[in-house]
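Just below is one structure, and these are the notes that go with it.
The values are calculated or read from the model by the stated rules, or taken from the named source; none is laboratory data. Bear in mind the structure is a predicted one, so any value in this text is a computation, not a measurement. Here the Cβ is made from the backbone with ideal geometry for all residues, glycine too, and neighbour counts use every protein chain on show. What goes into the accessible areas is simple: the full protein's heavy atoms, side chains included, and nothing from ligands, DNA or RNA. Shrake-Rupley method; radii C 1.70, N 1.55, O 1.52, S 1.80 Å.
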Amino acid sequence: MSIKPKHPNHELSEMKCPVNLDDVDLFSPGAQEHWYEAYDILHRDAPVHRIPGEGFLPGTDGYILTKYDDISMVVKDWERFPPGMSLGIDDMLKSGQSVEDLAKDSYINAMMTSIMTLRPNPELWRSHRQELTDPWVGPGAERNREMVTRCADRLIDNWIDKGEVEFISEFARPLPQMTMANILGFPEEDIPRLAEWGTAQVAAFVYGAGHRNILNPEQAAEQIEILEGFKEYVHEKVQEKRANPQDDMISFLCDVTYSPLDRKLTDIEINGIVYAMVIGGLETTQYALEEQAQLLCEQDGIFDELKQDRSKLRHFTEEGMRLRSPTQGLSTRTTSQDEVFQGVKVPKGSLLHLRWAAGNVDEEEFECPYEVKLDRKAVSRHLTFSAGPRVCPGAGISRLEQMIAWERLFERIDSLEYAPENKFMHQPGIMLGTLELNLKFTKAG
Ligand code: HEM
């Protein structure tokens with residue numbers, strides 16, 4: 001049985017389902033309603049798809065990679081496929097300005113400067129992950145188990161007696177917000193403000209044009225203005241925690257000695273790391289959870305199978321992330337030499353759009369790609385978190401949140417189905433996320 005994401009009610013859909021290659025444009029308004037149909041066409045007719053004039057530099061092109069093997073090879077080889085961000089950082093380094101001056105320009109630069117000083121190359125990228133983020137959101141995420149469990153149960157308590165729930169606003173969105181606030185050491189009452197800043201951070205990935213996610217000048221100016229508030233907020237928290245350390249990630253970052261540089265972190269650097277945790281840690285896990293809820297409503301028998309055998313939950317969450325990847329694609333790598341992918345020549349200096357979601361349903365890699373298989377071999381080899389030196393540093397905490405969410409939900413409900421009033425509209429941009437999800441359930445007896 002094929003379980004591509006639900007299409008919206010027909011009259012609400014802005015875009016027709018693509019039938020052949022000429023119809024495929026992954027970035028036009030409404031395209032998100034039919035991405036998976038487009039992936040089938042791309043795999044068949046254009047697994048490496050050129051987007052003319054859409055490279056970083058004038059006269060260069062963008063290329064969408066959709067095959068698992070191509071994407072996997074690219075992300076594992078930093079030298080051959082350098083991240084586009086490195087080019088921006090090189091420019092900043094060449095400008096001769098001090099890090100402090102660059103950071104004053106805008107908050108986005110504050111984050112870039114923290115990358116410039118803490119992880120300008122693959123070796124330091126690895127140290128950054130291992131020493132600064134792994135203890136909290138990577139392999140060390142387990143330390144948050146009790147806290148995440150309490151958060152999940154508090155949310156479920158709010159609606160368990162109602163028999164129905166708007167799953168996104170009442171569970172999938174607040175759970176990662178509460179989790180990240182607690183990890184970083186922000187009071188939960190600040191979550192509405194943090195959510196507003198989080199929304200501003202991801203604005204380019206939602207409203208940005210084309211595969212490069214470009215905001216127009218007004219949108220960019222508004223984003224910078226809103227994020228100044230976040231910069232000040234984090235700055236205040238860093239001062240508070242330097243004076244009065246607590247058991248949280250910001251206090252840890254204030255105290256840790258970063259071994260490659262043999263020194264402690266500056267305020268700007270901590271601010272940059274916190275920015276990365278908020279931009280990466282909220283909506284991604286929200287979408288993973290709500291798409292998994294939809295899979296449970298759609299694939300017959302799977303809810304009962306998991307209810308009876310919770311040891312299969314790990315397979316379920318991995319398959320959910322493979323089949324409905326929250327981050328569908330990113331344009332983050334360039335070619336440092338002429339390349340050939342699937343027989344297609346890609347010149348040096350091109351920009352690669354890595355379409356993780358298409359790689360994850362590549363039938364040459366995954367047998368029956370559109371099925372949730374609770375016994376799939378090497379189930380976590382999907383590309384949802386990427387791979388290689390820049391693999392998502394938050395995979396540990398996201399996986400933990402997803403596991404705990406479903407452990408607690410399976411403990412507390414006996415059935416789950418769509419409520420009648422769903423529109424199944426997805427948000428624009430490069431993330432796969434339904435805007436609203438009404439579910440019915442029976443409370444466990
Ligand atoms: C299901 C949830 C998530 C998905 C699908 C996801 C996906 C990704 C992907 C595809 C990348 C790009 C890697 C690359 O370019 O090779 C990435 C990077 C990143 N993710 Fe995640 N992520 C998730 C959860 C999280 C969480 C919970 C956090 C934070 C706690 C986080 C923080 C980051 C950061 C900071 C980066 C950028 C690393 C860098 O500086 O390059 N992510 N993520």
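Residue by residue, here is whether (1) within 16 Å of the ligand (Cβ to nearest atom); (2) closer than 18 Å to G138 by Cα; (3) assigned to a helix (DSSP H, G or I); (4) at pLDDT 95 or above holds:
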position	(1), (2), (3), (4)
I168	yes, no, yes, yes
Q177	yes, yes, yes, yes
A181	yes, yes, yes, yes
I191	yes, no, yes, yes
A200	no, no, yes, no
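When every residue of the range 423-434 is checked against the conditions, none turns out to be touching an Asp or Glu at 6+ places or on another chain (Cβ under 8 Å), more than 22 Å from L26 (Cα to Cα), within 11 Å of the ligand (Cβ to nearest atom) and open to solvent by 10 Å² or more (accessible area, probe 1.4 Å).
Does any residue of the range 344-351 turn out to be crowded, with 22+ Cβ neighbours inside 10 Å, within 11 Å of the ligand (Cβ to nearest atom) and in contact (Cβ under 8 Å) with a residue 60 or more places away in the chain? Checked the range 344-351: no residue is crowded, with 22+ Cβ neighbours inside 10 Å, within 11 Å of the ligand (Cβ to nearest atom) and in contact (Cβ under 8 Å) with a residue 60 or more places away in the chain.
Residue by residue, here is whether (1) closer than 30 Å to L87 by Cα; (2) surrounded by fewer than 19 Cβ atoms within 10 Å (Cβ to Cβ); (3) hydroxyl-bearing (S, T, Y) holds:
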{"position": "P122", "(1), (2), (3)": "yes, yes, no"}
{"position": "A141", "(1), (2), (3)": "no, no, no"}
{"position": "T149", "(1), (2), (3)": "no, yes, yes"}
{"position": "M178", "(1), (2), (3)": "no, no, no"}
{"position": "E188", "(1), (2), (3)": "no, yes, no"}
{"position": "A209", "(1), (2), (3)": "yes, yes, no"}
{"position": "E225", "(1), (2), (3)": "yes, yes, no"}
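Pairing each residue of the range 257-278 that is more than 21 Å from D190 (Cα to Cα) with any residue that is among the aromatic types (F, W, Y), provided the two are 6+ apart or on different chains, yields C-beta distances under 8 Å for K264/Y258; L265/Y258. Put simply, of I41, I3 the only residue that is of a type in the set (V, I, T) and at pLDDT below 95 is I3.
Listed here are the residues, each with its yes/no results for (1) under 21 Å from Q328 (Cβ atoms); (2) among the acidic types (D, E); (3) out of contact with any Pro (no Cβ under 8 Å at 6 or more places or on another chain).
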residue	(1), (2), (3)
D23	yes, yes, yes
S28	yes, no, yes
E33	yes, yes, no
A46	yes, no, yes
P52	no, no, yes
D61	yes, yes, no
G84	yes, no, yes
L87	no, no, yes
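Taking the conditions (1) touching a residue at least 24 places away in the same chain (Cβ under 8 Å); (2) over 26 Å from E407 (Cα atoms); (3) β-branched (V, I, T) in turn, I183 satisfies each one other than (2). Within the range 327-343, can you find the residues that are open to solvent by less than 10 Å² (accessible area, probe 1.4 Å) and in a loop (DSSP other than H, G, I, E, B)? Of everything in the range 327-343, those that are open to solvent by less than 10 Å² (accessible area, probe 1.4 Å) and in a loop (DSSP other than H, G, I, E, B) turn out to be Q328, G329, T335. Residue-level check: of (1) in a strand (DSSP E or B); (2) of a type in the set (A, V, I, L, M, F, W, C); (3) away from the ligand (no atom under 16 Å from the Cβ), L374 misses just (1).
Within the option set Q246, Q239, being in contact (Cβ under 8 Å) with a residue 40 or more places away in the chain and open to solvent by 60 Å² or more (accessible area, probe 1.4 Å) holds for one residue only, Q246. There is no residue in the range 283-292 that is of a type outside the set (S, T, N, Q), in contact with a strand residue (DSSP E or B) (Cβ under 8 Å, 6 or more places away or on another chain) and more than 22 Å from A357 (Cα to Cα). Name the residues in the range 360-376 that are surrounded by fewer than 19 Cβ atoms within 10 Å (Cβ to Cβ) and within 28 Å of W78 (Cα to Cα), would you? Passing the criteria: E363, E364, E365. Tell me which residues, restricted to the range 308-334, are among the small types (G, A, S) and closer than 23 Å to P428 by Cβ. G320, S325, G329, S331 - these are the residues of the range 308-334 that are among the small types (G, A, S) and closer than 23 Å to P428 by Cβ. Only residues that are open to solvent by less than 10 Å² (accessible area, probe 1.4 Å) and farther than 21 Å from G88 by Cβ were counted across the range 54-77, and they come to 4.
For L323, state whether it is more than 16 Å from the ligand (Cβ to nearest atom), within 26 Å of the chain's Cα centre (by Cα), open to solvent by less than 10 Å² (accessible area, probe 1.4 Å) and of a type in the set (A, V, I, L, M).
Spelling it out, it is not the case that L323 is more than 16 Å from the ligand (Cβ to nearest atom), within 26 Å of the chain's Cα centre (by Cα), open to solvent by less than 10 Å² (accessible area, probe 1.4 Å) and of a type in the set (A, V, I, L, M).
Is it the case, given these coordinates, that R129 is in a helix (DSSP H, G or I), surrounded by fewer than 22 Cβ atoms within 10 Å (Cβ to Cβ) and touching a residue at least 40 places away in the same chain (Cβ under 8 Å)?
Answer is yes for this residue.
Only residues that are more than 14 Å from the chain's Cα centre (by Cα), surrounded by fewer than 19 Cβ atoms within 10 Å (Cβ to Cβ) and within 13 Å of the ligand (Cβ to nearest atom) were counted across the range 377-406, and they come to 4.
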